[in-house]
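For reference, the structure discussed in these notes is given below.
Values quoted throughout were computed directly from the atomic coordinates according to the rules given, and no laboratory measurement underlies them. Since we're looking at a predicted model, the values are computed, not measured. Cβ atoms come from the backbone with ideal geometry, glycine included; neighbour counts cover every protein chain shown.
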Amino acid sequence: MRDILEKLEARRDAARLGGGAKRIEAQHAKGKLTARERIELMLDHGSFEEFDMFVQHRCVDFGMDKQEKPPGDGVVTGWGTINGRKVFVFAKDFTVLGGSLSETHAQKVGKVQEMALRMRAPIIGLYDSGGARIQEGVASLAGYADIFKRNVTASGVIPQISVIMGPCAGGDVYSPAMTDFIFMVRDTSYMYVTGPDVVKTVTNEIVTHEELGGASVHTTKSSISDGAFDNDVEALLQVRRLVDFLPANNMEGAPEWPSSDDPLRVEESLDTLVPDNANQPYDMKELILKVIDEGDFFELSEKYAANIITGFGRIEGRTVGFVANQPMVMAGVLDSDASRKAARFVRFCNAFEIPIVTFVDVPGFLPGTAQEYGGLIKHGAKLLFAYSQCTVPLVTCITRKAFGGAYDVMASKHIGADVNYAWPTAQIAVMGAKGAVEIIFRGGTPEEIAEQTKQYEDRFLSPFVAAERGYIDEVIMPHSTRRRISRALAMLRTKEVERPWRKHDNMPL
Ligand code: HXC
């Protein structure tokens, strides 16, 4: 018996070595951890339960049947806990055939995808892979398609998180693209459909891995990635932090953690946040940080479309999604990128029953040919559509400008927000005074224009015209914003909305 147990231990030890000591060394030399080291770091200590450690590929082409068959076949799969909460995980093992995906590798990933869905628990994929196992051809493509289909079935049911931790091509970027969040590691991770060599062959373009698909590209230009971290350790610790904000599934409701931050806390400094000069910017993040519990904010897509802020915080210990115009960047204007970014976030929150708080200071939609040719109408409509679809509690607070269509779009009362507050500094109007008067009084003398501008400012650049109509429920003191929002969210816990049956909507994609 003893020798049987020893044999098992020896087989396990061999499997744990993946592609062998030399390749592990090479992995470390690149500043990357191995698949198992990553899982160990991400999950609670000792909580990982591995599946399918001994699975091997069955490929016989290109001499694959003559070579040693590494156990595990390039991916480590199983489940464990993050701060005591169950998660499923798969981590591509680059030391085994570059983490490439074979038929059996795909079956391992599929098994944990199915278990995660059945158990209604989040799934996290750690990617470091050369894409389809070239030697397996169409069997590998079929494996990817199975994974994609499961990604879509699970979408909106359980959170799916992808962390890109090495060069990833082909199917290993398409699957992440269908998950809820993608994070990258700076300088060691890349995402592209085809790598630099293929690009050169097909288009003659010479481009580096970083230029083609590094974190610097995907967090600023393409918006594929929701964030980037300096190294594997930081990335994995931040994923733990994110998971704490997320519900396990779409039925569980936003998670709650103990908080010692008084929900009725008053923040006097907010009374002077908005400058006297309406054209002077201020940092909207300061408001978010002062309103949420303990200033603990998990921001998403910070470097992309920074004119809008999206991220998770907590109020009274419960997760809340925050969407806020940022006057520090392009005066907080809504453009195509900002609209798409916020729309995707709003839809995630709604799908997973996370209440949304929206802070508004928006001068309107960005005018111009660049925006119109780029499809601003449809992109702006995405945000309008996303908010209008929401059944989760929506609390909105206008701090300063809420002009034109952007007023409607930014979680106004009219599209379904439950509680709409405005600070006394709010200006709710079709447009700013100068633009309005120049249109209505075209050809007026300078004196007339000045007089009309003053009248317009006095009458319309305030929250009271909207408050008189009940579009704003209450004009509140800035210092009491946290208390007001906490109480509103507490009241809205029992919100229920009935929707007519439909197969699905037809949102403007
Ligand atoms: C089989 C692969 C492989 C692959 C890498 N390897 N990619 N084996 N299939 N796709 C193996 C290498 O042979 C090598 O084996 C080991 O992994 C490490 O690879 P290196 O090239 O030495 O590493 P590196 O220099 O770091 O380059 C990594 C890389 C490069 C950028 C990922 O390997 C690469 O370009 N691979 C091909 C990428 C690609 O085009 N894949 C197909 C995508 S199409 P040894 O034995 O030396 O350790 C696709 C279709 C699905 O995925 C699409 C669905 C929509």
* Ranked from highest to lowest mean number of other Cβ atoms within 10 Å per residue, what is the order of the peptides 498-504, 237-243, 163-169? -> 163-169, 237-243, 498-504
* Asked: Near the amide H of Ile398, under 5 Å away, which other amide H atoms are found, from residues 5 or more places off or on another chain, if H is placed in the peptide plane?
  -> Val360, Tyr421, Ala422, Trp423
* To do: Anything over 22 Å Cα to Cα? Flag those among Lys382/Lys413; Lys108/Lys200; Lys22/Lys108; Lys92/Lys149; Lys413/Lys434; Lys32/Lys221, in the order listed.
  => Lys108/Lys200; Lys22/Lys108; Lys413/Lys434; Lys32/Lys221
* Structure fact -> Under 5 Å from the placed amide H of Val55, counting only residues 5+ away or on other chains, we find Gly72
* To do: Enter the Cα centre distance for the pair region 120-163 and region 259-315, rounded to the nearest angstrom.
  => 36
* Dipole of the chain [Lys/Arg +1, Asp/Glu -1 at C-beta], most positive-end residue of His379, Gly214, His504 -> His504
* When the dipole is taken about the Cα centre of the chain, and only Lys, Arg (+1) and Asp, Glu (-1) are charged at their Cβ, what size is it in debye, to the nearest 20? -> 1180
* Under a plain spin-label model, where a point goes 7 Å from the Cα along Cα-to-Cβ, how far apart in nm are Gln238 and His45? -> 2.5
* Enumerate the calculated ³J(HN,Hα) couplings along region 297-302 in order (Karplus 6.51 cos²θ - 1.76 cosθ + 1.60, θ = phi - 60°), each rounded to whole Hz, writing x wherever the residue is Gly or Pro. => 10, 9, 8, 10, 6, 4
* **Crossing angle, helix 446-460 versus the chain [Cα axis fit, 0-90 degrees, rounded to tens]** => 60
* Asked: So what is the calculated 222 nm ellipticity per residue for the chain, using -39500 (n - 2.57) for each DSSP H run with n of 4 or more, over all residues, to the nearest 500 deg cm²/dmol?
  -> -11000 deg cm²/dmol
* To do: Would you pull out the residues with amide H under 5 Å of Gly364's amide H, same chain only if 5 or more places away, H placed 1.01 Å from N?
  => Leu334, Phe403
* Structure fact -> Neighbour-count ranking for Trp257, Trp79 (other C-beta within 10 angstrom, fewest to most) reads Trp257, Trp79
* **Whole-Hz couplings from phi, Karplus 6.51/-1.76/1.60, listed for region 360-370; x for Gly and Pro** => 10, 8, 10, x, x, 8, 6, x, x, 5, 4
* Karplus (6.51, -1.76, 1.60) ³J(HN,Hα), θ = phi - 60°, over region 111-128, in Hz, Gly and Pro reported as x -> 4, 6, 4, 5, 5, 4, 5, 5, 8, 6, 10, x, 10, 10, x, 9, 9, 7
